[in-house]
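Below is one structure, written out as structure tokens; comments come after it.
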Amino acid sequence: MPPPTAPVDEALLAACRRGESAAQYRLYQKLSYLLMGVCLRYCPNRAEAEDALQNTFVKIFTRLDQFRGQGPFEAWARRIAVTTSLHALEQHRLRHPGPSVDLDGEATEQPSTAPSALDNLATADLLALLATLPPGYRTVLNLYAVEGYSHQEIGELLGIAEGTSKSQLARARRLLETRLTAQHHPQLP
């Protein structure tokens, strides 16, 4: 993981607004790792995440005049990455319709809490485990727990009811608990 970088300064943004390619490249270098992480959390695979990242930067550079400085630039860019990735996810679903997920069947599994299971899980293992969640669960979990959106905001972003957001988050958590427990306490044959 690269070391944390200093916040984007106004001089760099001004140069980007003037269309200076060297400044745009510096901004890309400064934010691409952070924003790629956002794209990977929502997109179904790395190739689509990379496309979403490129589309995010196109939007950032074409909408730079819309940034008003009412918060960190990184937060503004992150929000663009989230909405761009959600759009990519929706496009993927339209191109690749799959069987519907039996949400109730998964949600009825009895979770067993193992307090040390998460502590012993490596970051890569956790990301792999999150990737196994059904897309709806994973999306709501990311928006709520990682991005900090409220259930009302998630409902608006995804076009679902606030209650649906809450239930999908609860089901995602239960499913993760169940899978974590199964990973750390496999059943004997």
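Each value in this text was obtained by applying a stated rule to the coordinates, not by laboratory testing. Here the structure is a predicted model, which is why all the values come from computation and not from measurement. Cβ placement follows ideal geometry from the backbone for every residue including glycine, while neighbour counts extend to all protein chains displayed.
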P(r) of segment 124-186 over all Cα-Cα pairs, 5 Å bins starting at 0, rounded to whole percent, reads 4, 20, 29, 22, 13, 8, 4, 1
Per the rule of 0.36 nm per residue minus the C-alpha distance, extending LEU13 to HIS87 adds in nm 24.1 nm
Simple spin-label estimate for ALA75/PHE61, 7 Å along Cα→Cβ, in nm, reads 2.7 nm
Largest first and rounded to whole Å, the semi-axes √(5λ) derived from the alpha carbon gyration tensor of segment 10-95 read 24, 12, 11
